[in-house]
Amino acid sequence: MYGLVTETAYEQHRSHFDALDQEGHGLQWLRLAGDGQLDGPPDAHPEVGWLSSDVFFGGLVERFFEIAEQSPEFRWLQSAAAGVDLDGYQRLMDRGARICNAHLTAIPIAEYVLRAVLDVFQDAERWRTAQADGRWKHHNFREVWRSRWLIIGLGAIGAETARRARAFEAHVTGVRRHPTGDEPVDVMISPADVLRALPEADVVVLAAPATPETENLVDDAFLSALKPGAVLVNVARGKLIDDEALLRALDGDRLATAVLDVFNTEPLERDHPFWTHPKVVLTPHTSGGGIGRWERGAELFCDNLRRFLAGEPLVNEVTTMELLTTDLPFALGQQ
């Protein structure tokens, strides 16, 4: 059996591939180089593949899908992304291939959220400025302890964020359309109750998928309902926020800070007011950049490959294209 991987992933996780070889599965690896060339017999057809994180950054996405689709024997793809909103996934599923996604970036995104909120609450920029100026300057700051958080979207990212906020003894309210009953929050509410919950929230985290129902969720009514001094964090999709409404709210005195990692247009236009607004913390869709995701991705691929070969149920198998797209490793083409 031939498997399709990138040269980068193969070399970076060689120990995992060596372990698979020693298990006697009879696997042979077709390795996709950074220039799009495939290392392997010209008549070899991959049956399985690993769409690893490096594919999204090296401009190899379409080339990877092209090779998989050209193989009449291709049967299973493990993706490093949570989102399956690329056409290639649907084309493979239409041909009968099985697809598994991953939630590798939930951990770094959750850590990003906590770091960003701590930075805002502690007004850490004042310490950095004082250090640069050589001034010994004390200031008090807000604590996360007993603050109230509203996390909209309790998928992998929202759940990891909730666990970390509660570790700081914050009170967390979660929002999910279809609760499972085991969410790591203090209170669960439905999307219909969000406006009523906003006046109590010190921190509002957007971690929901971009759907017709969530587009422009953060509008004038949403922002007007916020508690004075609230912090808004968006690690979902830019479409969840009405930019003009947010700018109006930032120019007022209700919203303390907007931490934005995702935008309606990416890369963000250089003349966009978010770049220079004093109440905006802006990062280039990079909250999922924790390097631990590479090892987690290799472990998941190997575990699922063993399951596939043994005819066992797969982890994170995609059964519909209507999946969360909030933790795609990064915006495609942005490193």
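Which cross-chain or sequence-distant (5 or more) residues have an amide H under 5 Å from the amide H of Ile99, H modelled 1.01 Å from N in plane?
Excluding prolines and chain starts, which carry no amide H, the hits are Leu77, Val318.
Spelling out what I want: for every residue of region 139-156, take phi, set θ = phi - 60°, compute 6.51 cos²θ - 1.76 cosθ + 1.60 (Karplus), and round to whole Hz; glycine and proline get x.
Residue by residue, region 139-156 yields 8, 7, 8, 6, 10, 6, 3, 6, 6, 10, 10, 10, 10, 9, x, 10, x, 4 Hz.
For Ala192 and Arg146 in the same chain, what is the full-extension length gain: residue separation times 0.36 nm, less their Cα-Cα distance, in nm?
Full-extension gain reported as 14.1 nm.
Assuming R0 = 35 Å, can you tell me the calculated FRET efficiency for the pair Asp220 and Phe57, based on Cβ-Cβ distance, to the nearest 0.05? Don't skip to the end; give the middle numbers.
On the way: r = 37 Å, r/R0 = 1.06.
Calculated transfer efficiency: 0.40.
Quick one: net charge around Lys137, please, counting Lys, Arg +1 and Asp, Glu -1 for every other residue with C-beta under 15 Å from its C-beta.
0
In square nanometres, what is one fourth of the surface area of the convex hull spanned by the alpha carbons of the chain?
19.4
Just how large is the dipole of the chain about the Cα centre, in debye to the nearest 20, putting +1 at every Lys and Arg Cβ and -1 at every Asp and Glu Cβ?
So the magnitude is around 1120 debye.
Mind giving me the nanometre distance, one decimal, between the label points for Arg177 and Met1, set 7 Å out from Cα along Cα→Cβ?
Here the modelled spin labels are 3.4 nm apart.
Can you tell me the accessible area per residue over region 1-154, all protein chains present, probe 1.4 angstrom, in square angstrom?
On a per-residue basis, region 1-154 sits at 48 Å².
For region 181-196, take each phi angle, set θ = phi - 60°, evaluate the Karplus expression 6.51 cos²θ - 1.76 cosθ + 1.60, and give the result in whole Hz per residue in order, putting x for glycine and proline.
x, 10, 5, x, 10, 7, 9, 10, 10, 8, x, 5, 9, 4, 4, 6
How big is Rg to Rh over region 25-130, alpha-carbon atoms, Rh as the Kirkwood inverse-mean-distance radius? Display every interim value, and only then the final one.
On the way: Rg = 19.5 Å, Rh = 16.3 Å.
Here the Rg-to-Rh quotient is 1.20.
Would you please give the residues with an amide H less than 5 Å from that of Thr6, counting only those at least 5 places away or on a separate chain, with H modeled from the backbone geometry?
Leu32, Ser52
Where Lys and Arg each count +1 and Asp and Glu each count -1, what net charge lies around Leu300 among other residues with Cβ under 13 Å from its Cβ?
Once all neighbours under 13 Å are counted, the net charge is 0.
If a/c stays under 1.5 just call it rounded; otherwise compare a/b with b/c (prolate if a/b is bigger, oblate if not). Do that for region 191-275, with a ≥ b ≥ c from the square roots of the Cα gyration tensor eigenvalues.
Note, shape of region 191-275 comes out oblate.
Just check region 90-165 against the gyration tensor rule for me: Cα atoms, a ≥ b ≥ c as the square roots of the eigenvalues, rounded for a/c under 1.5, and otherwise prolate or oblate depending on whether a/b exceeds b/c. Show your work: numbers first, answer last.
On the way: a/c = 5.46, a/b = 2.51, b/c = 2.18.
It comes out prolate by the Cα gyration axes.
Mind checking the log10 I(q)/I(0) for region 1-49 at q = 0.25 Å⁻¹? Debye, one equal scatterer per Cα, no solvent, two decimals.
Log10 of I(q)/I(0), two decimals: -0.97.
In whole Hz, with x marking every Gly and Pro, tabulate ³J(HN,Hα) for region 47-59 from phi via Karplus 6.51 cos²θ - 1.76 cosθ + 1.60, θ = phi - 60°.
In residue order, the calculated couplings are 9, 9, x, 10, 7, 6, 4, 5, 4, 6, 9, x, x Hz.
For Phe263, which sequence-distant residues (separation of 5 or more, or a different chain) have an amide H within less than 5 Å of its own amide H, given hydrogens modelled in the peptide plane?
For Phe263, the qualifying residues are Gly238.
Run the quick spin-label model on His139 and Glu269: label points 7 Å from Cα toward the beta carbon, then report their separation in nm to one decimal.
My value for the distance between the label points is 3.2 nm.
Choose one answer from Asp39, Asp261, Asp18: the residue with the largest mean-square fluctuation in a GNM of the chain with alpha-carbon springs under 10 Å.
Of the options given, Asp18 has the highest mean-square fluctuation.
What is the distance in Å between the Cα centroid of region 160-189 and that of region 3-50?
40
What 222 nm value per residue comes from the helices of the chain, counting each DSSP H run with n ≥ 4 as -39,500 (n - 2.57) and dividing by all residues, nearest 500 deg cm²/dmol?
Numbers: 12 runs with 112 residues, N = 335.
That comes out to -9500 deg cm²/dmol.
Do any chymotrypsin sites (Phe, Trp or Tyr not before Pro) in region 115-146 lie in a DSSP loop with no more than 13 other beta carbon atoms within 10 Å, and if so, which?
Trp136, Phe141, Trp145
So for region 13-158, taking the charge dipole from beta-carbon charges (+1 Lys/Arg, -1 Asp/Glu), which of Gly26, Val120, Ile107 sits furthest toward the positive end?
Val120
What shape does region 144-202 have by the C-alpha gyration tensor, where a ≥ b ≥ c are the square roots of the eigenvalues, rounded means a/c under 1.5, and otherwise prolate means a/b greater than b/c and oblate the rest?
oblate
Within 14 Å, Cβ to Cβ, of Val5, how many net charges do the neighbouring residues add up to if Lys/Arg are +1 and Asp/Glu are -1?
Spelling it out: positives minus negatives among the neighbours equals -4.
On the protein heavy atoms, probe 1.4 angstrom, tell me the percent of accessible surface of region 42-179 carried by carbon and sulfur.
Details: 3110 of 6480 Å².
Roughly 48 percent, rounded to a whole number.
The values are calculated or read from the model by the stated rules, or taken from the named source; none is laboratory data. Just so we're clear, the structure is a prediction, and the values are computed from it rather than from any experiment. All Cβ positions, even for glycine, are placed from backbone atoms using ideal geometry, and neighbour counts span all protein chains on display. Just so you know, the surface numbers come from the protein's heavy atoms only, side chains and all, with ligands and any DNA or RNA stripped out. Shrake-Rupley method; radii C 1.70, N 1.55, O 1.52, S 1.80 Å.
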